[in-house]
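Q: Below is one structure. I have some questions about it.
The values are calculated or read from the model by the stated rules, or taken from the named source; none is laboratory data. None of these values were measured; they are calculated from a predicted model. Quick reminder, even Gly has a Cβ in these numbers, built from the backbone with ideal geometry, and neighbours come from all protein chains shown.
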């Protein structure tokens, strides 16, 4: 196994780490290598770019050969979230036409019937058509019994009376074949609306194109029906296409269609278009309804755009909600749920508490989903008292009694806060009520018990979960792996590994592999890659972090550095190093304590080599750990500061930025020079 920095770097002496020749050195320039030289982190001097003429590709190398190294280190995505697109300009502005009032609906007035003794007979005939067999032959046979040749008004009455979309479409086609009178826009609109109930968008689009071909004007109702049907059918691209065609004619949507178009663009992730449409609508006189506000709030929540930042317009999500109140509207449960979700994810504790107080004082509507959303918001923000009050309200409610998701949120709150006694009381209560744990609740409870070192309770909870049908996912496996890294005795570790064996046997086998000092780096790399490929994207880096922690807790510092190298190689730490002309930065915010310490040691070892080669360095060096805005967030910053102190490194806490450590070039160079080993000991 390759020698690493962590065994040589201590508060007294720093030996320049040697690199394993099996590791490709893609962080620094190539220098004469010892066969056991350690890999280094990307901190090369900007004045001397890396060169390795011996490994340069041959002139006749094929493209596949050139791309082979990239192929071997690029992991396939196990799961990929949709990327929200934000085009640079809106597609809604039509400079060639003046803005029309949003409320100019241009709807047709339906001709009122004069006294007509035939109306009763026609309605009875329409009823007969509705009740006949749902086949074309049966329908056409009944049509032969029509009392008299229908006039335009008669045909419109029958068409409006037909409920099944299939029969409305058949009757419309029958009228066309009879050619008794010209079919105008209203006939098409009635038929299209009927087809919308059946979600028959293809037929609707066919009729719309027929109208265009026959020069029958499409009015506001026509476009609105087409757009809302496309939305119902999840054909969002078609909804956008027809809304753009609508704008080219100079028509503007009514209130319902406006909200529908907003929702379509939000679902497509086109934030710019949504905001442009909203602003244009309001400027034209449109009064947004609760549905529109709910769409906007949901869009910001899903996009993670919690401040609604766009072109210097901060706080838009919050101000939209205030606009809703100023319009005299009462937010519905969906809008409040979206807003609570935004506040929770954005860590807006103050705004969340104000929202909760306002909801209580105004007695706004509460439904089951809103209760659970508020509980999750409290879990995100660590608001224990407020969560307990909400939970008690649910218990006393007739229609919103706590379910598994409510209990899971409370388990999350108690587990994150370290109050495992209350978490276990809740677990026992669930057992008495017959509420079975889900995988999320099991994970929250196991995480809390692991931090509290209550391993026996952890094993019992895991066993009950499996018996109740919980299938451990990658997050639960990662939780068990993190508990393994916390175990101080072999007995406790074996208990947790026994649980992990049931969930992910291959992961347990890998833990044993890295504990064996005889395992080669190539073997570890092959198995590591196989495990990571079969792990969900959001669990890959936590897996690597936990494995590094396990190695450091077992004093396997060399293996910890191997795992950091592999994690970097396979893209698990993409933002670890950032460089400008004036500053080099180490960003360990996404690392665990052990992984952050390992990354710091690698960085110092690399800098020691650069100092020894007398290459150019920037004026400032910095490391950032972040502070964590969650009430229960762990103290990575404190642990990192302790490690810096242990190494006597000249980094100091920034006065202006918490979780930010800085060192000048002069101080760092002096410190490194004092610790570089002599040639005899290197």
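Q: Between 563, 481, which is in contact (Cβ under 8 Å) with a residue 60 or more places away in the chain and in a helix (DSSP H, G or I)? Show your work before the answer.
A: Details: 563 fails: in contact (Cβ under 8 Å) with a residue 60 or more places away in the chain.
So the residue among 563, 481 that is in contact (Cβ under 8 Å) with a residue 60 or more places away in the chain and in a helix (DSSP H, G or I) is 481.
Q: Ok, one more. Which condition number does residue 400 fail, the rest of (1) under 14 Å from residue 366 (Cβ atoms); (2) loosely packed, with under 14 Cβ neighbours inside 10 Å being met?
A: (2)
Q: Restricting the search to region 178-189, which residues are modelled with pLDDT under 90 and either surrounded by 15 or more Cβ atoms within 10 Å (Cβ to Cβ) or not in a loop (DSSP other than H, G, I, E, B) (or both)?
A: Within region 178-189, just 178 meets the criteria.
Q: Filter region 462-478 for residues that are outside any loop (DSSP other than H, G, I, E, B), surrounded by fewer than 23 Cβ atoms within 10 Å (Cβ to Cβ) and more than 24 Å from the chain's Cα centre (by Cα) and give the result.
A: Within region 462-478, 463, 464, 466, 467 qualify.
Q: For region 515-526, how many residues are closer than 20 Å to residue 484 by Cα and crowded, with 16+ Cβ neighbours inside 10 Å?
A: Narrowing region 515-526 to residues closer than 20 Å to residue 484 by Cα: 515-517, 524.
Narrowing further to those that are crowded, with 16+ Cβ neighbours inside 10 Å: 524.
Residues that pass the stated criteria total 1.
Q: Please go through region 417-435 and pick out each residue that is touching a helix residue (DSSP H, G or I) at 6+ places or on another chain (Cβ under 7 Å) and outside any helix (DSSP H, G or I).
A: Quick first cut of region 417-435, residues touching a helix residue (DSSP H, G or I) at 6+ places or on another chain (Cβ under 7 Å) only: 417-418, 420, 422-424, 426-427, 430, 435.
Listed by number, the residues that qualify are 417, 418, 435.
Q: Another one. Return only the number of the condition from (1) surrounded by fewer than 17 Cβ atoms within 10 Å (Cβ to Cβ); (2) in contact with a helix residue (DSSP H, G or I) (Cβ under 6 Å, 6 or more places away or on another chain); (3) part of a helix (DSSP H, G or I) that residue 202 does not satisfy.
A: Evaluating residue 202 over (1) surrounded by fewer than 17 Cβ atoms within 10 Å (Cβ to Cβ); (2) in contact with a helix residue (DSSP H, G or I) (Cβ under 6 Å, 6 or more places away or on another chain); (3) part of a helix (DSSP H, G or I) leaves (2) as the failure.
Q: Could you tell me which of the residues 512, 529 is surrounded by 15 or more Cβ atoms within 10 Å (Cβ to Cβ) and either part of a helix (DSSP H, G or I) or in contact with a helix residue (DSSP H, G or I) (Cβ under 8 Å, 6 or more places away or on another chain) (or both)? First the steps, then the outcome.
A: On the way: 512 fails: surrounded by 15 or more Cβ atoms within 10 Å (Cβ to Cβ).
After applying the criteria, what remains is 529.
Q: Sort out which residues of region 602-629 are within 21 Å of residue 542 (Cβ to Cβ) and either over 30 Å from the mean Cα position of the chain (by Cα) or in a helix (DSSP H, G or I) (or both), and write them in order of number.
A: Scanning region 602-629 gives a single hit, 602.
Q: Sticking with this one: Suppose we keep only residues that are more than 25 Å from residue 162 (Cβ to Cβ) and part of a helix (DSSP H, G or I) within region 214-241. Which one would you say is nearest to the chain's Cα centre (by Cα)?
A: Taking the candidates together, the pick is 236.
Q: Return the pair list, or none, for Cβ contacts closer than 6 Å from residues in region 634-663 that are without any contact (Cβ under 8 Å) to a residue 24 or more places away in the chain and assigned by TED's automatic domain parsing to the domain that holds residue 605 to residues that are surrounded by 19 or more Cβ atoms within 10 Å (Cβ to Cβ) and in a loop (DSSP other than H, G, I, E, B), at least 6 apart or on different chains.
A: 637/625; 637/659
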